[in-house]
Amino acid sequence: MIPLTGSSTSGDQPHPIFVVAEEDYGQWKAAQDTRVQNWLDSRGFRPNANAWSALPGEGGALTGVLVVANETPSMFQLAELASMLPAKPFRVATNVSEPTLAQWSLGWCLAGYHFGRYRKAETEARATLCVPEQVRQANSRACAATFLVRDLINTPASDMMPEHLADAARTVAAEHGARFSETVGQDLLARNYPAIHAVGRASSHEPRLIELGWGSEEHPKLTCVGKGVCFDSGGLDIKSAAGMRLMKKDMGGAAHVLGLAQWIMSEQLPVRLRVLVPAVENAVSGRSYRPGDVVATRGGSTVEIHNTDAEGRVVLGDALHEGASEQPDLLLDFATLTGAARVALGTSLPALFCNDDATARGLLESGHRQFDPLWRLPLHSPYREMLKSDVADLANAASAPYGGAITAALYLQHFVDTVNWAHIDLMGWNLEGKPGRPKGGEAMGLRAVFDYVKRRYA
């Protein structure tokens, strides 16, 4: 359920939520009646950032809520309240701008997420926030896209193999009248996607390239590519048990582009959208590709496999070359690509690589605006030396352990030529829960990219 409403859905009048800055608390309190003042004093309430208190009315009935404003503005200002307040309607009584209200209500909405596929879902009613109808509709679309991303990542690999990911894409396409197609198994070789086939051939779940198309021919072409490694054992360069534990999330890039596509189509943005998802399981069997193998690619380059656990970039190479071949106005990719990006930036800050400064600035500004930050890292061309191979055009892993996120991005850049391109290397997972951001699969960079796309084309 999306816990937002355009008006009160019951006979109750919405209860006010007062958001008060710490420095304004004394003045606000002095303006309240004696009952409220005595209540706050008896509780020993301290006006620290994010502290909150229910406010009593006649007979102890709830009459409103006090929240102390976060020291740093955040869309999650009200997110904790969404799960703590009783199942009644509420409204923001403080005079704030509509953009701020929209952000706060989106944080409230995101706090309503629950992944209940494998255990009984929460059934209790939730508090609702009353907002203008246009805000409710916009935030409902944003939440639906985010919840799709979270659901896909949270689903275990047993139920999210390449064929299941294709089913999810087919459902998104059907809901919005988009075109869906897939190239599966041996057909990948027949249609010249050899790198996708090489990585995925070891699995009993056939590799595939999933494709969506939507929009009018006269609109600018936007192509989105998402890494769809549905489980990553590491291949013959097998991961440790600890390293493998969260690898159901290695299709997080695919989840992001499907969520983004759903959001773009639901908003009817004026773009000609193409989505490409190379979907594989990097498994271990007698058919596994090996360290030292030389793999062909769609673009004609040959790749020496230095490490079978650097498989994401191998499958993305084929998809990116195909996406770039049509010279789109903008080519974007999302990928849970490197641990090096997490070492550099932590788990909640995605790395942005971009070959166009204006595009990069726009994405960074949108990230700041949407409380969905990105951090740009350089496509430092001298590091291409580390991708040299003695027997092929390039290697899939660097010859030194330094700058791993950069060398991975440089590998991808090899396949995009001069097309305007941005690559987002993300975690896709919250290691711990916070209000509005539960532990588990997470959309990272999704709001930033959608905001940028909307501003660029609408």
Contacts under 6 angstrom Cβ, first residue in the stretch 256-272 being closer than 25 Å to Leu337 by Cβ, partner polar (S, T, N, Q) and open to solvent by less than 10 Å² (accessible area, probe 1.4 Å), 6 or more apart: none
In the stretch 194-218, what residues are open to solvent by 30 Å² or more (accessible area, probe 1.4 Å) and of a type in the set (Lys, Arg)? Arg201
For the stretch 270-314, give me the residue count where each residue is within 27 Å of Phe450 (Cβ to Cβ) and open to solvent by 10 Å² or more (accessible area, probe 1.4 Å). 4
Could you please tell me which pairs satisfy a Cβ distance under 7 Å, a separation of 6+ or placement on different chains, a first residue in the stretch 290-304 that is at positive phi, and a second residue that is modelled with pLDDT of 95 or more and buried (at least 20 other Cβ atoms within 10 Å of the Cβ)? Gly292/Ile305
Of the candidates Ser389, Ser399, Ser381, Ser366, the one satisfying the condition of being over 30 Å from Thr146 (Cβ atoms), modelled with pLDDT of 95 or more and open to solvent by less than 30 Å² (accessible area, probe 1.4 Å) is Ser389
Within the stretch 74-103, residues closer than 22 Å to Arg447 by Cα and without any contact (Cβ under 8 Å) to a residue 40 or more places away in the chain come out as Ser97, Glu98, Pro99, Thr100, Leu101, Ala102
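Conditions tested, residue by residue: (1) in contact (Cβ under 8 Å) with a residue 24 or more places away in the chain; (2) in contact with a His (Cβ under 8 Å, 6 or more places away or on another chain).
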| position | (1), (2) |
| --- | --- |
| Asp329 | yes, no |
| Ala351 | yes, no |
| Ala360 | yes, no |
| Leu374 | yes, no |
| Ser381 | yes, no |
| Val391 | yes, no |
| Ala397 | yes, yes |
| Pro401 | no, no |
Hey, can you tell me all the residues within the stretch 161-203 that are assigned to a loop (DSSP other than H, G, I, E, B), more than 27 Å from Ser266 (Cβ to Cβ) and small (Gly, Ala, Ser)? Gly185, Ala202, Ser203
Just to be sure I understand the filter: pairs with C-beta atoms under 7 Å, separated by 6 or more residues or on different chains, first member in the stretch 139-156 and closer than 19 Å to His176 by Cα, second member among the hydroxyl-bearing types (Ser, Thr, Tyr) and assigned to a helix (DSSP H, G or I). Which pairs pass? Asn139/Ser105; Arg141/Ser266
Which listed residue, of Phe334, Phe371, is outside any loop (DSSP other than H, G, I, E, B) and either under 26 Å from the mean Cα position of the chain (by Cα) or surrounded by fewer than 20 Cβ atoms within 10 Å (Cβ to Cβ) (or both): Phe334
So Trp429, is it over 15 Å from the mean Cα position of the chain (by Cα) and either surrounded by 24 or more Cβ atoms within 10 Å (Cβ to Cβ) or not basic (Lys, Arg) (or both): no
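The values are calculated or read from the model by the stated rules, or taken from the named source; none is laboratory data. Keep in mind that what you see is a predicted model, and the values were worked out from it rather than measured. Virtual Cβ from ideal backbone geometry, glycine too; neighbours counted across all protein chains shown. Just so you know, the surface numbers come from the protein's heavy atoms only, side chains and all, with ligands and any DNA or RNA stripped out. Shrake-Rupley method; radii C 1.70, N 1.55, O 1.52, S 1.80 Å.
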